[in-house]
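The values are calculated or read from the model by the stated rules, or taken from the named source; none is laboratory data. What you are looking at is a predicted structure, and each value in this text was computed from that prediction instead of being measured. With ideal geometry, Cβ positions are generated from the backbone for all residues, glycine too; neighbour counts draw on all protein chains shown.
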Amino acid sequence: MKTYQDYRKLLADKDIDAVSLATPNHWHALGTQWAMEAGKDVFVEKPVSHNVWEGRQIVNAEKKLNRIVQGGTQSRSSFAIREAVAWVQAGNLGKITLARGLCYKSRPAMKVRKTPLPVPAEVDGDLWFGPAPIVDIRRPRLDYDWHWQWPMATAIWATKASTRWTLPAGSLARPPLPPRRGAWAAGLGIKTMVRRRIPRSCTRL
C-alpha cells in the first residue's frame with residue numbers, strides 16, 4: 001500500500017478514485033475542494049467545514065465539478081434511525097413542537113501548558129497547520145487536543161452538533177420551517193475545560 005505525507009501527492013495519483021478525510025477540522029474544506037478538483041469523490045468526516053462559508057464552497061464545487069461528497073454523519077445512514085424518523089414523520093407522536101439533541105459524556109479537565117508544545121519531529125508542521133494560522137499549541141498533546149483551539153477546530157460543540165442538531169432539525173421537522181431561526185453559544189472558560197476559546201454549549205431555535 002502506498003503511503004503519503006503530502007496530501008497533494010496523493011491527489012496527483014491517478015490510480016486513486018476517492019479519498020476519505022479524517023484530518024483536523026481546519027483541513028476538511030480545503031482537502032475536499034482539492035480532491036474534487038483532482039477528479040476524486042470525497043467522504044469527509046464531521047464537521048465538514050470550519051465554518052458555514054467553507055461549507056457553501058464545498059456544495060458549490062460539488063455541483064460545478066459533478067463530484068460525490070458525503071459528510072460523516074454516520075448516524076443519519078443508520079437503518080434504525082431512518083425507520084424511527086419515518087415513524088415519527090408518519091404522525092405516530094402527533095405534532096412535534098420541540099426536539100432536543102443531547103450528549104452527556106464525562107471528560108477529564110483540559111490542561112494547559114505553560115510553554116508551547118513542540119511539533120513532533122515526525123510531523124511536518126507546515127503541512128499540519130496547512131490553511132490555519134501557525135499558532136502555539138498550548139495543550140498537552142498535538143493529536144485530539146487541537147479540538148480546543150479555534151484556528152484548527154470548532155470543538156466537540158460543532159462535531160456533536162452536526163449529528164445532535166441535524167437529526168431533529170433536518171429529519172423530524174416538516175416544512176415549512178420557521179421564518180426566523182437562530183443560535184447562540186455560551187459557557188466560555190468553564191473550569192472543567194480550562195481556558196477554552198470555544199463555547200461549551202449552544203442553543204438553536
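Can ARG67 be described as surrounded by 12 or more Cβ atoms within 10 Å (Cβ to Cβ) and out of contact with any helix residue (DSSP H, G or I) (no Cβ under 6 Å at 6 or more places or on another chain)? No: the conditions fail for ARG67.
It is to be established whether one or more residues within the range 46-54 are in contact with a Phe, Trp or Tyr (Cβ under 8 Å, 6 or more places away or on another chain) and within 25 Å of HIS147 (Cβ to Cβ). Walk me through how you get there before you give the answer.
Let us first name the residues in the range 46-54 that are in contact with a Phe, Trp or Tyr (Cβ under 8 Å, 6 or more places away or on another chain), namely none.
No.
In the set ILE58, ILE81, only one residue is assigned by TED's automatic domain parsing to the domain that holds TRP150 and within 30 Å of TYR144 (Cα to Cα); that residue is ILE81. Among the residues of the range 82-103, those that are loosely packed, with under 10 Cβ neighbours inside 10 Å and assigned to a loop (DSSP other than H, G, I, E, B) comprise GLY94, LYS95, THR97, LEU98, ARG100, LEU102.
Give the residues of the range 32-64 that are small (Gly, Ala, Ser) and exposed (fewer than 15 other Cβ atoms within 10 Å of the Cβ), sorted by residue number.
At the first step, the residues of the range 32-64 found to be small (Gly, Ala, Ser) are 35, 38-39, 49, 55, 61.
Of everything in the range 32-64, just one residue is small (Gly, Ala, Ser) and exposed (fewer than 15 other Cβ atoms within 10 Å of the Cβ), namely GLY39.
Each residue in the range 92-129 was checked for being more than 25 Å from the chain's Cα centre (by Cα), under 24 Å from SER162 (Cβ atoms) and touching a residue at least 12 places away in the same chain (Cβ under 8 Å), and 1 pass.
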